[in-house]
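Okay, structure first, notes after.
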Amino acid sequence: MPNPIERVRRTVWKGDSFTVAERPIPNEVAIAITYGGSTQAVMMATPADFEDFAVGFSTTEGLIRTPKDITSLEVIEEAEGVELRMWLVPELAETYSRRRRLLAGPTGCGLCGIESLTEAVKAPAAVSAAGHLRPQDIVAAMAALPARQVLNEEARAIHAAGFWTPGEGLVAVREDVGRHNALDKLVGHLVRSERSAKDGLIVLTSRVSVEMVQKAAAIGAPVIAAVSAPTALAVKMAEEAGITLIAIARGDSFEVFTHAGRIGSGAASSAA
């Protein structure tokens, strides 16, 4: 299988001269996700944690309910990339087949079919978990993430998604050049481990777009914390889903955009 990191030669200008040396950089390959012989999506991703990616993507796309709905999963290396070949239980396979027959034409977005625009902004699953976290928990969770970013430490330019609980700290971290892929890999690990997402928070090294909220909602995660800002639609979706959305979490500060009642107990002061 391809390595997640490759070393390449490059020329560096520093001061008043050039030097030539190697540098580790992240790898990305085309990964095809298929069900019953039909391709659902092809994405560029870091070649690592393939099984987590397959199960996580299947979960957040609503194609499976549990990992047991996948009767077969093969990771197949091909000349052009890697295929994650899955077969579903009969009833879900038939549902998937009907969904494929609704395709208006070939697309590359992964939200295929005549209702793709509606699907892109569909209401997320409602999150009912009412876990309570302290502000110090958010700071601690974000502070713990960099040390677990093994690939990023070597090559940089790699996103991470982690799951943190007050009692255990960082339970798991997954990395990928794509922020959506990193979260799907994390979701796959959690559901394969039969780990509930309701007792902790998801931490992200990226901005928060609407897809990130939808993926978190798919597994009932009540809190998302990210280092960068959210989009306006992500805030709207988090509000509708009942998710506490925290962003711009850096050092000892962060901003809560939705459902702030889960964090701390004091009243917030207004600031411009």
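The values are calculated or read from the model by the stated rules, or taken from the named source; none is laboratory data. Keep in mind it's a predicted model, so treat the numbers as computed, not measured. Every residue, glycine as well, gets a Cβ built from its backbone with ideal geometry; the counts of neighbours run over all protein chains shown.
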Review point. When you go through R85, R65, R99 one by one, which is the residue that is surrounded by 14 or more Cβ atoms within 10 Å (Cβ to Cβ), under 28 Å from V121 (Cβ atoms) and out of contact with any Cys (no Cβ under 7 Å at 6 or more places or on another chain)?
Key: R99
Revision key, fill the gap. Filter region 206-217 for residues that are surrounded by fewer than 21 Cβ atoms within 10 Å (Cβ to Cβ) and in contact (Cβ under 8 Å) with a residue 40 or more places away in the chain; the one that is nearest to A241 (Cα to Cα) is V210
Check your understanding: Limited to region 152-202, what total is found for residues that are in contact with a Phe, Trp or Tyr (Cβ under 7 Å, 6 or more places away or on another chain), closer than 12 Å to F53 by Cα and small (G, A, S)?
Key -> 1
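Does L190 satisfy the condition of being of a type outside the set (G, A, S) and over 15 Å from the mean Cα position of the chain (by Cα)? Spell out the reasoning first.
Details: of a type outside the set (G, A, S): yes; over 15 Å from the mean Cα position of the chain (by Cα): no.
The answer is no for L190.
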Review point. Across region 167-195, which residue is surrounded by the fewest Cβ atoms within 10 Å (Cβ to Cβ) among those that are part of a loop (DSSP other than H, G, I, E, B) and at pLDDT 95 or above?
Key: E194
Exercise for review: Please indicate, with yes or no, whether at least one residue in region 199-217 is more than 22 Å from T165 (Cβ to Cβ), within 19 Å of the chain's Cα centre (by Cα), assigned to a loop (DSSP other than H, G, I, E, B) and not assigned by TED's automatic domain parsing to the domain that holds D52.
Suggested key: yes
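Taking the residues in region 28-62 that are of a type outside the set (S, T, Y) and more than 16 Å from K185 (Cα to Cα) as candidates, determine which candidate is surrounded by the fewest Cβ atoms within 10 Å (Cβ to Cβ). Walk me through how you get there before you give the answer.
Step one: list which residues in region 28-62 are of a type outside the set (S, T, Y), which gives 28-33, 36-37, 40-45, 47-57, 61-62.
Filter once more, so that each one left must be more than 16 Å from K185 (Cα to Cα): 36-37, 40.
Values: G36: 16, G37: 8, Q40: 20.
The qualifying residue surrounded by the fewest Cβ atoms within 10 Å (Cβ to Cβ) is G37.
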Exercise for review: Within region 1-50, track down each residue that is under 15 Å from G81 (Cα atoms) and not in a strand (DSSP E or B).
Suggested key: M1, P2, N3, P4, N27, E28, T46, P47, A48, D49, F50
